[in-house]
Amino acid sequence: MLNKSLATAVAVFGVAGMAMPAHAEVSIMYADWLSSLVEPGIADFEAATGETVNAIKLPGEGYVERVALDLAAGTAADVIQLDSFVVSELASAGYLMPLGDMGSDWDQYQHYMPALLDVVSYDGEVYALPTDTDVRMLWYDKSVFEAAGIAMPWEPQSWDDVLETARTIKAETGIDNAFLLPAGTKQGEAATMQGFYMALLGADTPEDDRNRLRNWAEGKWIGDSPAIRRTLELYHDVYAEDELATASINYATDIGAAVREAMANDEIGILASGSWEFTCLWDCNGGPALPSADERNALIGWTPWPGSGLPDTKATTNISGGWAIGVNKNAQDPELAFQLLTTIFDAGNFGDWTVENRRMAVRTDIAASDAYASDAYLAEATALAADTTGRDTYPGYQVVSALVQQMTADILDGVSVEDAISEYHASLVDEFGEENVITYE
Amino acid sequence: MKYQLHPWLASNLWVLVALAIPAIFLIGALLYFTGWALAFSFTDLELVGRKAVNWSWVGFDNYARLFTRRGFLESLWTTTIFSFFSAIVGQSVLGFLLAATLRTQRSVLRGVIEATIMLGWLVPDIVAAFLWSATTAQTGLINNLIITPLGFEPVNFINEFALPVVIIANIWKGTAWSYLLFSAALDSVSREVVEAAKVDGATAFQRVWRVILPIIRPHIATNMLFITIWTFTYFPLIYALTGGGPGRQTEVLAIFLYKQSFMVGKLGYGSAISVAMLVIVGVLSLFYLRLLKEPK
């Protein structure tokens, strides 16, 4: 008898435990490098509402894949930091909540620059709010340049100039990564954007989208083109022919840390990366490890990425991306989730973060603020943004980008440019069909 | 003899039913996931985007691509090399040799060696990856302690010898299992039998080859079965250490599967890869299970 009632009691409690709704808390997923924006926002939100936020801080490497997987599996947080390029794709799969109605009720929504909201839109609806945008350039280590006897400020006019400088650095200093051009599959989108795209855009004329991954007029992906071939040749020169960079740093256990350490030890000459490096080469979240802007300027410099130097190509290239924060379609309490979002993006918190971390503003009110407008670095970076473009983020881009990374990985592996590109072409046809892939002679 | 239930159980059959529920759930879940992978290996399902919602059946396309596209066959070869050298040659042989030589020792030495190889087993994979990364880096322990003092240029091991580094790291990581299993197996060999062989004039090699090994044959097969399955599908240490690179040098099947499924986002193709892995591991397991059977 006792046994039976005991078992009944256990069963009842067990079922009750499963059925009782959890306390409606708000959860948020973000990458560790964004904590200086997100965490003060969480604190403000908790103070204002009395709710507890379940904060899920994740490593930056593999973050995009983790978020996509969690959303697909239905286990993602209510509020989610997203790389802006995946927003349209995730929205098209029905994972994100359109912010339209809620956004118009929020008085600061009007300050977001429309062009940047376009990036995080799908089918005319906005699905996330951007945190920042960026530009891309070639950073260089001033002490390495000094040791190699290269004149500064460094102003290369073509790929040949860059390669020549890197060869000089290698010959004079013997460092392994004279010109680190991001490659391979481990760092994901960083290899596509900081490396491949920046070269591709300057590899051929912009006419007919010959310097892109997609022909927008015809609505087809480019499976083979002189621009793609020239870009792969550049990778071949850097990694195989002249050995100006090592394959292994692109596959380090912690790539970000490996690059920061190598840069700090004067073991990288030129680094193809973006505007965030002015802080991220030390610490993306600011903090005591970050030297003053003057000290940083004494250590590193940057120059725009030159085009290939071939006729009709762009003199310098640039491409912009950025991050955003959106709300899960299945958020337990959408209004609370949206309130957390707007608290993070409240002018005070967001403005401070943008200026302190030298991020490029996505809102007119922040861009117009004295602190932002008077900063020399931000002014120069913004000037670079006058001539920029976005990725070919048509649905399917994520697959294309992964295939591009695979092409660069093949070059690291010693595969010929011809074989790497024919594999790329075949994989594009697998994915999109013969009718959606074109080739430029 | 007819099997009879305990009288208490017979009058309380619901206890049996309740106890069977977890097993039914577990078996159901296993069948469900295997069936899921098998079914979706015939589709173009993707992780995000349009094909995440509106996928379609593509027949054997994904399986054909295992052989016509770069990746699968290369990874299969890498996995074979990795499994053969790290599990079969490394862990198994090293584990056996350690067990055989240390069992007669009753010294501090044995304790120290046992503790050391157990540490490798107990350290989490990600921690082990960072340890090996730091050890084999250009500015790491091996270069600082050995290569540079001897007057050589420091070597970037992960860049030059990625697969051997990963193999050695996995031997270090997994030898403890084989060691423990073989230690127990050797304890089960009766001393009299070995002594008798010695009296009959068998040499040391003959005693091992013709007496001890045949006796512990089932243990060898069990060990092989486990470590082959583990190593063939092993992921965390390699992924954290090299991410499958540089290039594809250490891209074993598990990493290839992960990349195709979650980085490229092709869940359908990823499912086909996992089904292929299931078949390969299944065939290997059957082979070992045959070994387990006593010869007639």
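Out of region B:46-86, which residues are of a type in the set (A, V, I, L, M, F, W, C), more than 23 Å from residue B:250 (Cβ to Cβ) and at pLDDT 90 or above? Passing the criteria: B:57, B:58, B:60, B:64.
Exactly one residue among A:420, A:426 is farther than 15 Å from residue B:48 by Cβ, assigned to a helix (DSSP H, G or I), within 10 Å of chain B (Cβ to nearest Cβ) and without any contact (Cβ under 8 Å) to a residue 60 or more places away in the chain, and that residue is A:426. Note on region A:38-51: residues that are under 25 Å from the mean Cα position of the chain (by Cα) and either farther than 14 Å from residue A:79 by Cα or small (Gly, Ala, Ser) (or both) total 2.
For residues that are assigned to a helix (DSSP H, G or I) and within 12 Å of chain A (Cβ to nearest Cβ), scanning just region B:67-86, find the one that is farthest from residue B:277 (Cα to Cα). Here the answer is B:68. Note on region A:226-242: among residues that are farther than 17 Å from residue A:406 by Cβ and touching a strand residue (DSSP E or B) at 6+ places or on another chain (Cβ under 9 Å), the one that is farthest from the other protein chains (Cβ to nearest Cβ) is A:242.
Within region B:32-64, which residues are at positive phi and either surrounded by 13 or more Cβ atoms within 10 Å (Cβ to Cβ) or within 10 Å of another protein chain (Cβ to nearest Cβ) (or both)? Passing the criteria: only B:49. For region A:52-88, a tally of residues being at negative phi, outside any helix (DSSP H, G or I) and under 13 Å from the mean Cα position of the chain (by Cα) returns 5. So, residue A:399, is that one free of Cβ contacts under 8 Å to residues at least 60 places away in the same chain, outside the structural domain of residue A:209 (by TED's automatic domain parsing) and either touching a helix residue (DSSP H, G or I) at 6+ places or on another chain (Cβ under 8 Å) or among the aliphatic types (A, V, I, L, M) (or both) or not? In short, yes. Tell me, which helices (runs of 4 or more DSSP H) lie completely within region B:179-286 with 3 or more residues that are within 22 Å of residue A:64 (Cα to Cα), within 13 Å of chain A (Cβ to nearest Cβ) and more than 15 Å from the chain's Cα centre (by Cα)? Filter on region B:179-286 gives B:236-242. Hey, among A:404, A:399, which residue is more than 8 Å from chain B (Cβ to nearest Cβ) and assigned to a helix (DSSP H, G or I)? Of A:404, A:399, the one residue that is more than 8 Å from chain B (Cβ to nearest Cβ) and assigned to a helix (DSSP H, G or I) is A:404. Look at (1) surrounded by 24 or more Cβ atoms within 10 Å (Cβ to Cβ); (2) within 14 Å of chain B (Cβ to nearest Cβ); (3) of a type outside the set (Asp, Glu) and you find that residue A:271 fails only one, number (2). Is one or more of the residues making up region A:364-384 of a type in the set (Val, Ile, Thr) and within 14 Å of chain B (Cβ to nearest Cβ)? The answer is no, given that none of the residues of region A:364-384 is of a type in the set (Val, Ile, Thr) and within 14 Å of chain B (Cβ to nearest Cβ).
For the residues A:254, A:294, A:266, the requirement of being farther than 30 Å from residue A:399 by Cβ, within 14 Å of chain B (Cβ to nearest Cβ) and out of contact with any Lys or Arg (no Cβ under 7 Å at 6 or more places or on another chain) singles out A:266.
The number of residues in region A:386-441 being among the β-branched types (Val, Ile, Thr), under 26 Å from residue A:65 (Cα atoms) and within 17 Å of the chain's Cα centre (by Cα) comes to 5. Among the residues in region A:153-172, are any within 30 Å of residue A:249 (Cα to Cα), within 14 Å of chain B (Cβ to nearest Cβ), in contact with a Gly (Cβ under 9 Å, 6 or more places away or on another chain) and not in a helix (DSSP H, G or I)? There is no residue in region A:153-172 that is within 30 Å of residue A:249 (Cα to Cα), within 14 Å of chain B (Cβ to nearest Cβ), in contact with a Gly (Cβ under 9 Å, 6 or more places away or on another chain) and not in a helix (DSSP H, G or I).
Please find, among A:343, A:354, the residue that is touching a residue at least 40 places away in the same chain (Cβ under 8 Å), under 21 Å from residue A:84 (Cα atoms), under 21 Å from the mean Cα position of the chain (by Cα) and part of a helix (DSSP H, G or I). On inspection, the qualifying residue turns out to be A:354.
Could you say which residue among B:15, B:89 is surrounded by 13 or more Cβ atoms within 10 Å (Cβ to Cβ) and either out of contact with any helix residue (DSSP H, G or I) (no Cβ under 7 Å at 6 or more places or on another chain) or among the charged types (D, E, K, R) (or both)? Residue meeting the stated conditions: B:89. On the stretch given as region A:311-336, residues that are part of a strand (DSSP E or B) and surrounded by 22 or more Cβ atoms within 10 Å (Cβ to Cβ) total 7.
Remark: pairs (first residue in region B:130-158, assigned by TED's automatic domain parsing to the domain that holds residue B:244 and of a type in the set (Ser, Thr, Tyr); second residue modelled with pLDDT under 85 and not in a helix (DSSP H, G or I); Cβ separation under 6 Å; 6+ apart in sequence or on different chains) = B:133/A:253; B:148/B:154.
The values are calculated or read from the model by the stated rules, or taken from the named source; none is laboratory data. Keep in mind the model is a prediction, meaning the values are calculated, not measured. In this analysis, Cβ positions are derived from the backbone assuming ideal geometry, glycine residues included, and neighbour counts consider all displayed protein chains.
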